[in-house]
1. Give me the extension gain from residue 62 to residue 87: residue separation times 0.36 nm, minus the current Cα-Cα distance, reported in nm with one decimal.
2. With each label point set 7 Å from Cα along the Cα-Cβ vector, what nm distance links residue 1 and residue 36?
3. Efficiency by 1/(1 + (r/R0)^6): what FRET value for residue 102 and residue 71, r their Cβ-Cβ distance, R0 = 25 Å, to the nearest 0.05?
4. How far is the Cα center of the range 1-20 from the Cα center of the range 41-115, in Å?
5. What relative contact order, as a whole-number percentage, does the chain give when Cα pairs under 8 Å and 6 or more residues apart are counted?
6. Show me, bin by bin at 10 Å from 0, the whole-percent P(r) of the chain based on Cα pairs.
7. Full-extension gain between residue 78 and residue 114, please, as 0.36 nm times their residue separation minus the C-alpha to C-alpha distance.
């Protein structure tokens, strides 16, 4: 149950941080959630990862649908993705998820050092 709550809180806090701050505010959200909800290191990483992965995947998909695949297809053509816009959305979500996962893992390790 704590795992799902951590995912949802990370999702919501990262979204709110992204509205009012820079993109890297997702690290603050994942870090704070991992500090407030004690979990083992693996679960902390994956809760931060999944929270932001889902957020960035949904946001990238939404932006892609709003401009009818034009921008994402052009960016995917520049990158070695073969012009596949959906692969670009996956890569975008993976990058955000990995950053948030490591932020949550750092908070978990900080919590264990303080004990």
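1. Working: separation 25, 0.36 × 25 = 9.00 nm, distance 1.44 nm.
Once the chain is fully extended between residue 62 and residue 87, it gains 7.6 nm.
2. Between residue 1 and residue 36, the simple spin-label model gives 1.7 nm.
3. On the way: r = 28 Å, r/R0 = 1.12.
My answer for the efficiency is 0.35.
4. 14
5. Details: 166 pairs, mean separation 39.9, N = 115.
In percent, rounded to a whole number, it is 35.
6. 17, 41, 27, 13, 3, 0
7. Values: separation 36, 0.36 × 36 = 12.96 nm, distance 4.59 nm.
Using 0.36 nm per residue and subtracting the Cα-Cα distance, I get 8.4 nm.
Every number in this text was worked out from the coordinates using simple rules, so none of it is lab data. Keep in mind the model is a prediction, meaning the values are calculated, not measured. A quick note on method: Cβ atoms are made from the backbone with ideal geometry, for glycine too, and the neighbour counts reach across all protein chains shown.
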